[in-house]
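Every number here is computed from the coordinates shown, using simple stated rules; none is lab data. Keep in mind it's a predicted model, so treat the numbers as computed, not measured.
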Amino acid sequence: MKAESDPGSPTPSPSPVRLRDLFVGFLGLGLTSFGGALPLARRGIVERRGWLSAEEFTELLGLCQFLPGGNVMNLSAAIGMRFCGVTGACVALLAFVGGPALVVVGLGVIYERTQDSPHVRHFFAGLGAAAAGLLIATTIKLAQPLRGRPAALFIMLIACLAIAVLRAPLVPTMLILTPISIFIASRTLR
């Protein structure tokens, strides 16, 4: 139940997202998202920080997946741009990529020296299984805002079947399904 406020008092507005918030948020995301940033990005951006709603996140991620480059890298730049313009886009992107780049270089040096160890091979095989589980869980969460939209779920199913089952190339699939999806959305979301 929503509390009634005094008509003469100002309505509290959500605190703005500042450059420092973008830097800290995306640096933390980049440094903690080994095996894939998408599950943690959604949790941090939607659930923890409240920067975007679940629906806004899904829509913005859809755009970012269509653009060249890494999905969450594109997402960091798009969110930075939304809240703090070009400077915000640069800060969010550099924070997301900078720290992890240093970690990856360090781990690459270590891996080069230990790659022949059977323990290291088993470790990476186990990480692959965990990453697949994270991806499936995130897919389910991303599809939740589409529950009341049968046409959107139908497009999602077609895309999944085309790419995963029929092994259709990604770019032609996207070039065909994106205009169809936009057309359907323009007719159903009025």
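Going by the alpha-carbon gyration tensor, a ≥ b ≥ c the square roots of its eigenvalues, is region 148-190 rounded (a/c under 1.5) or, if a/c is not under 1.5, prolate (a/b greater than b/c) versus oblate?
Here region 148-190 falls in the oblate category.
In whole angstrom, and with the biggest value first, how far do the Cα coordinates of region 53-114 range along each principal axis?
44, 23, 21
For the chain, how big is Rg over Rh, using alpha carbon atoms and the Kirkwood form of Rh?
1.04
Apply the membrane-span-like helix rule to the chain: whole DSSP H runs, Cα extent along the own long axis of at least 30 Å, mean Kyte-Doolittle hydropathy at least 0.0. List the helices found.
71-114, 118-143
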